[in-house]
Amino acid sequence: MNFLSFLQLYAAAGKSRSSDFLILNSTTMVAQAIPLLHTYHSVNLYLDNDPAGDRATCLIKLELPKAKDNRILFAGYSDLNEYLCAQGIMAWIV
């Protein structure tokens, strides 16, 4: 649900879907994703606020210092979906 939540917020903010998105179903896929991420001018990260998300963020940032860690947007919550549910935002998204 995290990606669907993100897309709804993205659209609500008036952003177009002209961006590419890479969804990792597991942080074990980070090493495989890094070569692809190198081909982009900008990389925004929205990984979970947990030890696995911390490790994945560190690995990506080591390889791509330009990558922006956006977890501050949902600090105090395990992920974007948990944050949205706690804020009552999911009611108008779904």
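The values are calculated or read from the model by the stated rules, or taken from the named source; none is laboratory data. Quick caveat: nothing in here was measured; it's all calculated off a predicted structure. Methodologically, a virtual Cβ is constructed for each residue, glycine included, from the backbone with ideal geometry; neighbour enumeration extends over all protein chains shown. The area values use the complete protein model at the heavy-atom level, side chains included, leaving out ligands, DNA and RNA. Shrake-Rupley method; radii C 1.70, N 1.55, O 1.52, S 1.80 Å.
The table that follows gives values for the structure above.
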read-out	value
Stretchable slack from residue 64 to residue 4, in nm (0.36 nm times residue separation minus alpha-carbon distance)	19.0 nm
Signed unit charges on C-beta, dipole axis of the chain, positive-most listed residue 62, 51, 85	62
Within the accessible area of the chain (1.4 Å probe), percent carbon and sulfur	57 percent
Accessible area expressed per residue, the chain, with surrounding protein chains retained (probe 1.4 Å, Å²)	66 Å²
Length added when fully stretched, residue 12-residue 36, from 0.36 nm per residue minus Cα-Cα	5.8 nm
Environment charge at residue 56 (Cβ cut-off 12 Å; Lys +1, Arg +1, Asp -1, Glu -1)	-2
Rh (Kirkwood; distinct C-alpha pairs) - the chain, Å	14.1 Å
